[in-house]
1. For LYS54, only one of the following conditions fails: (1) surrounded by 13 or more Cβ atoms within 10 Å (Cβ to Cβ); (2) in contact with a helix residue (DSSP H, G or I) (Cβ under 9 Å, 6 or more places away or on another chain); (3) assigned to a helix (DSSP H, G or I); (4) basic (Lys, Arg). What is its number?
2. Kindly evaluate ASP24 against the criterion of being farther than 21 Å from ARG91 by Cβ, of a type in the set (D, E, K, R) and crowded, with 18+ Cβ neighbours inside 10 Å.
3. Report yes if ALA70 is free of Cβ contacts under 8 Å to residues at least 12 places away in the same chain and over 11 Å from the mean Cα position of the chain (by Cα), otherwise no.
4. Report, by residue number, each residue of region 77-88 that is open to solvent by 40 Å² or more (accessible area, probe 1.4 Å) and either β-branched (Val, Ile, Thr) or at pLDDT below 95 (or both).
5. On the basis of being under 16 Å from PRO30 (Cα atoms) and either in a helix (DSSP H, G or I) or not small (Gly, Ala, Ser) (or both), does GLU83 make the cut?
6. For region 38-51, enumerate the residues that are open to solvent by less than 80 Å² (accessible area, probe 1.4 Å) and either closer than 30 Å to GLU6 by Cα or in a helix (DSSP H, G or I) (or both).
7. I'd like the residue in region 1-19 that is over 13 Å from CYS71 (Cβ atoms) and at pLDDT 95 or above and, out of all such residues, is surrounded by the most Cβ atoms within 10 Å (Cβ to Cβ).
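The values are calculated or read from the model by the stated rules, or taken from the named source; none is laboratory data. Predicted, not measured: the structure shown is a model, and the values here were computed from it. Here the Cβ is made from the backbone with ideal geometry for all residues, glycine too, and neighbour counts use every protein chain on show. Ligands, DNA and RNA are excluded from the accessible area calculation, which covers all protein heavy atoms including side chains. Shrake-Rupley method; radii C 1.70, N 1.55, O 1.52, S 1.80 Å.
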Amino acid sequence: MECKQEPGEFAPVVDRSKCEGKSDCARVCPFDVFEVRRIDDADYDALSFFSRLKVRAHGMKSAYTPRADACRSCGKCVEACPEKAIKIARRV
């Protein structure tokens with residue numbers, strides 16, 4: 001497995017307006033960074049009207065990163081996401 005960074009330097013960032021909760025990211029992540037679950041109310045409320053409709057159409061699910069500190073920036077989640085809803089960003 002080829003990972004580019006030490007754990008904790010980078011983390012995946014999920015664009016909730018694009019995420020359809022299909023779980024591809026969770027399936028490919030070798031470090032168990034992701035979970036797909038019902039979107040939090042605060043995240044749902046922050047979406048635009050059309051993004052809310054999209055989230056409802058896809059079962060109110062979204063990817064979350066409760067173990068983002070384990071990310072080693074391999075990029076498999078970015079490649080696997082059909083909606084291009086994930087980016088890898090340096091943690092601050």
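1. The one condition LYS54 does not meet is (2).
2. When the stated conditions are applied, ASP24 passes them.
3. Details: free of Cβ contacts under 8 Å to residues at least 12 places away in the same chain: no; over 11 Å from the mean Cα position of the chain (by Cα): yes.
No.
4. Across region 77-88, the qualifying residues are VAL78, ILE88.
5. No; evaluated as a whole, the condition is false for this residue.
6. ILE39, ASP40, ALA42, ASP43, TYR44, SER51
7. The qualifying residue surrounded by the most Cβ atoms within 10 Å (Cβ to Cβ) is CYS19.
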